[in-house]
Amino acid sequence: MARLISVLLFLFMLQLCSMTVLSLIEAPDSASFVFGDSLVDAGNNNYLQTLSKADIPPNGIDFTASGGQPTGRFTNGRTIADIVGEQLGQPSFALPFLAPNTTGTAILNGVNYASGGGGILNGTGQIFINRIGMEVQVDFFNTTRKQLDEILGESKAKEFLMKKSIFSVTIGSNDFLNNYLFPLISATVRLNQSPESFIDEMINTLKTQLTRLYTLDARKFVVGNVGPLGCIPYQKSINRVSPNECVTLANQLAMQYNTQLRTMLADLNKNLPGARFLLANVYDLVLELITNYNSYGFSTASVACCGNGGQYAGIIPCGPTSSMCDDRSAHVFWDPYHPSEAANLVIAKYLVNGSTKYISPINLLQLKAL
């Protein structure tokens, strides 16, 4: 009997100590949970057997935190998500979910689930062999959600997610570039699906995943629309348009999708109590940079800084043997697909503290304050 009482007392004390430790852990005032594709991938693809990788130089050459070494980010420096996190006061960048050090209290700064080549639809990006689509990214967040309960306790974890965390979603470009518009795939896809049907599928699938995040206690969202795909060096190179032209079909598809995305987010705001969904108007933001690049201090909005092939160095991705521009801050585009850090800085500024032209119905500073 005495032995049983001792065991029970030990277990009680152990539970009490565990509860005390939980009560001492304080969540930060701001955290980012990042979902998306290569525009915001912070290195998840480093841990995949995939053709979509940015873990080779000169990628990351201007990323101060790594001393200029590649981190898996598809740009020369910080991504938009990195910069937004900094400007919202986060003490460190959200770590890639697949990184081995993304454990314990490190996840309280947020976690990055984005994956180069990933899309809204599960079939998108299959040309890269491996990539993490939106559905699996939300599955990964479900794992993080359980870890937060263990670290903070259920009540504090729920409050942390609902009030202090911003969920950013930057996805959709690959569903066009590496699915509907990709030369080896598009013929079959377009034969079976009209643009309207394809975009409907994208919207309905994304709505399902955003709603899943809501059921896991996400409340503050910023969702980026698809940028002017017809204006990136890759599309301009393969379609051989002039420097001041963009590819019409790619931009038309993006605009069709963006119109439906705006309606869908308004619907979620109306029907999910307590949720705030912001629309980041990336299309008009990037188009503004491309159209008026001189006024932002850029010398070109057509030619990739790092790449090869075609008039705009837009066919072969950036790598160790690529040609690279002398002044990286003078290029809107780092490589055939992705903005430079200088462009990301401009875009992030508008999203954090800009007007409803580029972020609506409120900006990210206002969202954080709610």
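The values are calculated or read from the model by the stated rules, or taken from the named source; none is laboratory data. These figures come from a predicted structure and were not determined experimentally. Reconstructed Cβ throughout: ideal geometry from the backbone, glycine too, with neighbour counts over all protein chains shown.
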task: Scan the range 27-84 residue by residue and report those that are more than 30 Å from M162 (Cβ to Cβ) and acidic (D, E).
output: D55, D62
message: For the range 333-362, which positions are surrounded by 23 or more Cβ atoms within 10 Å (Cβ to Cβ) and among the small types (G, A, S)?
response: S340, A342, A343, A348
- request: Kindly indicate the residue of the range 315-327 that is under 17 Å from P233 (Cβ atoms) and touching a residue at least 60 places away in the same chain (Cβ under 8 Å) and also surrounded by the most Cβ atoms within 10 Å (Cβ to Cβ) among those meeting that condition.
  value: C318
- prompt: Which of the residues that make up the range 341-370 are farther than 21 Å from P228 by Cβ, in contact with a strand residue (DSSP E or B) (Cβ under 9 Å, 6 or more places away or on another chain), in a helix (DSSP H, G or I) and aliphatic (A, V, I, L, M)?
  reply: V352, L364, L367
query: Pairs under 7 Å by beta carbon, first residue among the charged types (D, E, K, R) in the range 198-212, partner modelled with pLDDT of 95 or more and not in a helix (DSSP H, G or I), six or more apart or different chains?
result: E201/L121
- request: Working only within the range 102-112, note down all residues that are in contact with a helix residue (DSSP H, G or I) (Cβ under 8 Å, 6 or more places away or on another chain), small (G, A, S) and in a helix (DSSP H, G or I).
  value: G104
message: Among the residues that make up the range 127-147, is at least one of them of a type in the set (S, T, Y) and more than 19 Å from F97 (Cβ to Cβ)?
response: no
- line: Only one of (1) closer than 26 Å to G60 by Cα; (2) crowded, with 22+ Cβ neighbours inside 10 Å does not apply to A330, and that is (2)
query: Is it true that some residue in the range 97-109 is of a type in the set (G, A, S) and buried (at least 24 other Cβ atoms within 10 Å of the Cβ)?
result: no
message: I want to confirm something. Restricting to the range 220-279 and keeping residues that are out of contact with any Ser or Thr (no Cβ under 7 Å at 6 or more places or on another chain) and β-branched (V, I, T), which single residue is surrounded by the most Cβ atoms within 10 Å (Cβ to Cβ)?
response: I232
message: Just to be sure I understand the filter: pairs with C-beta atoms under 8 Å, separated by 6 or more residues or on different chains, first member in the range 235-250 and more than 19 Å from T291 (Cβ to Cβ), second member surrounded by fewer than 16 Cβ atoms within 10 Å (Cβ to Cβ) and not hydroxyl-bearing (S, T, Y). Which pairs pass?
response: S237/Q311; R240/Q311
field: Residues of the range 58-70 satisfying the condition of being within 20 Å of the chain's Cα centre (by Cα) and either part of a loop (DSSP other than H, G, I, E, B) or within 20 Å of P336 (Cβ to Cβ) (or both)
entry: N59, G60, D62, F63, P70
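To keep it simple, each residue is scored yes or no on (1) over 17 Å from S38 (Cβ atoms); (2) modelled with pLDDT under 95; (3) among the hydrophobic types (A, V, I, L, M, F, W, C); (4) in a loop (DSSP other than H, G, I, E, B).
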site: I56; (1), (2), (3), (4): no, no, yes, yes
site: G72; (1), (2), (3), (4): no, no, no, yes
site: N76; (1), (2), (3), (4): no, no, no, yes
site: I83; (1), (2), (3), (4): no, no, yes, no
site: E86; (1), (2), (3), (4): yes, no, no, no
site: G89; (1), (2), (3), (4): yes, yes, no, yes
site: F93; (1), (2), (3), (4): no, no, yes, yes
site: P100; (1), (2), (3), (4): yes, no, no, yes
message: Going through T64, T124, T75, T79 one at a time, which residue ends up being among the β-branched types (V, I, T), surrounded by fewer than 19 Cβ atoms within 10 Å (Cβ to Cβ) and at negative phi?
response: T64
message: Whether any residue in the range 35-51 is at pLDDT 95 or above, part of a loop (DSSP other than H, G, I, E, B) and surrounded by fewer than 18 Cβ atoms within 10 Å (Cβ to Cβ) is what I want to check.
response: yes
- prompt: Picking from L278, L287, which residue would you name as being assigned to a helix (DSSP H, G or I) and either at pLDDT below 95 or of a type in the set (A, V, I, L, M, F, W, C) (or both)?
  reply: L287
